[in-house]
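Undergrad: Just passing along the structure, written as structure tokens.
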């Protein structure tokens, strides 16, 4: 869910233009390949665009413009290993460009490496402060790390800059639930659900709130809906195991504990695969 929220529209943005201040491609043939990749991305041909950019990158391996386009398109098409490796390079080549640190943070979040994501996103926020999407990404990553007070601050700042963003409202609700502020958490979750009835984070928050209210059957129902909306949510499976345990259904509680543990193992494996994947190569 995190990745779908934060990289929505990234493919179109990649096709639209190069990064501000990017160096010109060093040869007309490289420029032609970049323009071809942009057209292919606009037409929805992500595989073709990536192949064009690989060719251009082989010809101009240090071009910021090519690296940026390749990194963003890799992220948009969920080729996380190449995206992370390329963005690692870009943050070293252009250490003061906050956009690259932000994109690296998003890629790391999608891979599940939340500690590293927080580091990158905090750096992006220092370089280019008061960007609502960076603050939202920070809130999401910090929630995943159970840094709820810091997540709440980031979500509040994001909402001050972008008041209509329901993802920031959902992130705030999750942070409030994590700090025990269940009244505001439920209010914000319901605000999200009024606009998106199957929003997985808002449903997770409702489940957490119901657990704290000892309304275990209602918690179970909300958490089952959260999992239906986002089956990959380890947190929702864990909370649902608690709800079933409180309801005396030890068999189903154990089933969701096992799924939760499996999701954690999958995340660890994905992080390893992403970190071992060279730029431009295999997809994790």
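The values are calculated or read from the model by the stated rules, or taken from the named source; none is laboratory data. This is a predicted model, so every value here is computed, not measured. Here the Cβ is made from the backbone with ideal geometry for all residues, glycine too, and neighbour counts use every protein chain on show.
Undergrad: Taking the range 94-117, which residues are more than 15 Å from residue 69 (Cα to Cα), more than 11 Å from the chain's Cα centre (by Cα) and in a helix (DSSP H, G or I)?
TA: Narrowing the range 94-117 to residues more than 15 Å from residue 69 (Cα to Cα): 95-96, 98, 105-106, 108-117.
The next check asks that each one be more than 11 Å from the chain's Cα centre (by Cα); those that pass are 95-96, 98, 115-116.
If the condition is that a residue be more than 15 Å from residue 69 (Cα to Cα), more than 11 Å from the chain's Cα centre (by Cα) and in a helix (DSSP H, G or I), then 98, 115, 116 are the ones that fit.
Undergrad: Follow-up. Please identify the pairs in which a residue from the range 249-277 that is touching a residue at least 40 places away in the same chain (Cβ under 8 Å) has its Cβ atom under 6 Å from the Cβ atom of a residue that is in a helix (DSSP H, G or I), counting only partners at least 6 apart or on another chain.
TA: Between residues of the range 249-277 that are touching a residue at least 40 places away in the same chain (Cβ under 8 Å) and residues that are in a helix (DSSP H, G or I), the close pairs are 270/111; 271/111; 274/80; 274/81; 274/84; 274/111; 277/81.
Undergrad: Right, here's the next one. Is it true that residue 138 is part of a helix (DSSP H, G or I), over 23 Å from residue 235 (Cα atoms), in contact with a helix residue (DSSP H, G or I) (Cβ under 9 Å, 6 or more places away or on another chain) and at pLDDT 95 or above?
TA: no
Undergrad: Restricting the search to the range 51-85, which residues are without any contact (Cβ under 8 Å) to a residue 24 or more places away in the chain, part of a helix (DSSP H, G or I) and out of contact with any helix residue (DSSP H, G or I) (no Cβ under 8 Å at 6 or more places or on another chain)?
TA: Residues satisfying the conditions are 51, 58.
Undergrad: Please specify each residue of the range 125-143 satisfying the condition of being touching a residue at least 40 places away in the same chain (Cβ under 8 Å) and more than 13 Å from residue 106 (Cα to Cα).
TA: Once the filter is applied, which keeps residues that are touching a residue at least 40 places away in the same chain (Cβ under 8 Å) and more than 13 Å from residue 106 (Cα to Cα), the range 125-143 yields nothing.
Undergrad: Given the criteria touching a helix residue (DSSP H, G or I) at 6+ places or on another chain (Cβ under 6 Å) and free of Cβ contacts under 8 Å to residues at least 24 places away in the same chain, does residue 218 qualify?
TA: So residue 218 passes the test.
Undergrad: Applying the selection to the range 86-109, what residues are surrounded by fewer than 24 Cβ atoms within 10 Å (Cβ to Cβ) and in contact (Cβ under 8 Å) with a residue 12 or more places away in the chain?
TA: Step one: filter the range 86-109 for residues surrounded by fewer than 24 Cβ atoms within 10 Å (Cβ to Cβ), giving 88-99.
Passing the criteria: 88, 89, 90, 91, 93, 94, 96, 97, 98, 99.
Undergrad: Additional query: So, residue 48, is that one assigned to a helix (DSSP H, G or I), surrounded by fewer than 19 Cβ atoms within 10 Å (Cβ to Cβ) and touching a helix residue (DSSP H, G or I) at 6+ places or on another chain (Cβ under 6 Å) or not?
TA: Yes, satisfied.
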